[in-house]
């Protein structure tokens, strides 16, 4: 028996501590073919006393089939059958040298091993197998024998795709045969260097990565609101009417509903063209300030509210109120007397 090889296999298995190729809790099956070599052939006293064994041929064709269960990413259990081939030799009877001829020992076994693997690349795993076997040998001239054997293997497994994989493996088995005095037999070690193909069942396709759509870039937004000054103020005044609070409460609700992120509000007061320019400018500022103070009192941040007096600029009526008495002009120019609130900011980005 090759004790150093056993030590190497066991050490390799103990060092294996990473990920196996297959998905968790799935089955796989495969077949292998390779070069089988018998070595460390030992003869018991019965053979030495009665036979001469010469012209040994210890190379053969080996093959096998296996099925496994991948417990998790690191560990699997594997059951297999191996045909290890034929150990051929010439045998002659020592008592009657004329009685000689060719003979061969056929070796095969069923094995159960634990497989431990770890990845070295995205598709490549290194692994080790360790376990036991029930082996039997048969021969024309020597006794047939069966019994337990040790199995160890080291290999590499390459994932061709999600289901198919290829293996390259060296497997060591000992002992094959029996050297007990009650048997006329041989005891052999075997090394099987093989390539294999395996198919994994129940492998699920990885879920496609969901790439969220890029969030839209924030865009500037502007909302404008307008109230008639006649609703808020008496003519030529900057003090709110008692009934103005209802209109301003509605305005505040509209601003809050439309206020964008980091929004600012600009309150602009306008007058009609009646009266001096300077007077109208001051009146428009006072009216704008009165509305702004009310909105701040309702909850708008004071540092986000600006006030502008626009005087008699930007009339809405244009040239439509060109003539008439003062009373008629006051009524006609009513649309010019107004307070506008412009809210600016950036749109909220949907999460």
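The values are calculated or read from the model by the stated rules, or taken from the named source; none is laboratory data. Bear in mind the structure is a predicted one, so any value in this text is a computation, not a measurement. Using ideal geometry, Cβ is built from the backbone for each residue, glycine included, and neighbour counts are taken over all protein chains shown.
Tabulated data for the structure shown
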{"quantity": "Residue in the range 242-250 that is in a loop (DSSP other than H, G, I, E, B), surrounded by 13 or more Cβ atoms within 10 Å (Cβ to Cβ), free of Cβ contacts under 8 Å to residues at least 40 places away in the same chain and assigned by TED's automatic domain parsing to the domain that holds residue 339 present", "calculated": "no"}
{"quantity": "Which listed residue is free of Cβ contacts under 8 Å to residues at least 40 places away in the same chain, assigned to a helix (DSSP H, G or I), surrounded by fewer than 19 Cβ atoms within 10 Å (Cβ to Cβ) and within 58 Å of the chain's Cα centre (by Cα), from 331, 296", "calculated": "296"}
{"quantity": "Cβ pairs under 7 Å, 6+ apart, first in the range 15-43 and outside the structural domain of residue 172 (by TED's automatic domain parsing) and at pLDDT 80 or above, second crowded, with 20+ Cβ neighbours inside 10 Å and assigned to a strand (DSSP E or B)", "calculated": "none"}
{"quantity": "Residues satisfying the stated conditions in the range 256-283, i.e. more than 24 Å from residue 315 (Cα to Cα) and touching a residue at least 12 places away in the same chain (Cβ under 8 Å)", "calculated": "256, 258, 259, 260, 261, 262, 263, 264"}
{"quantity": "Leading residue by the ranking (farthest from residue 67 (Cα to Cα)) among those in the range 117-158 that are buried (at least 19 other Cβ atoms within 10 Å of the Cβ) and under 23 Å from the mean Cα position of the chain (by Cα)", "calculated": "125"}
{"quantity": "Given (1) buried (at least 17 other Cβ atoms within 10 Å of the Cβ); (2) closer than 19 Å to residue 232 by Cα; (3) touching a helix residue (DSSP H, G or I) at 6+ places or on another chain (Cβ under 8 Å), index of the condition residue 263 fails", "calculated": "(2)"}
{"quantity": "Check on residue 140, modelled with pLDDT under 95 and either farther than 22 Å from residue 202 by Cα or not in a strand (DSSP E or B) (or both)", "calculated": "yes"}
{"quantity": "Residue match in the range 145-162 (condition: touching a helix residue (DSSP H, G or I) at 6+ places or on another chain (Cβ under 9 Å) and modelled with pLDDT under 90)", "calculated": "no"}
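This table checks each residue for (1) modelled with pLDDT under 85; (2) over 40 Å from the mean Cα position of the chain (by Cα); (3) farther than 30 Å from residue 164 by Cα.
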| residue | (1), (2), (3) |
| --- | --- |
| 186 | yes, yes, yes |
| 189 | no, yes, yes |
| 196 | no, no, no |
| 219 | yes, no, yes |
| 230 | no, yes, yes |
| 233 | no, yes, yes |
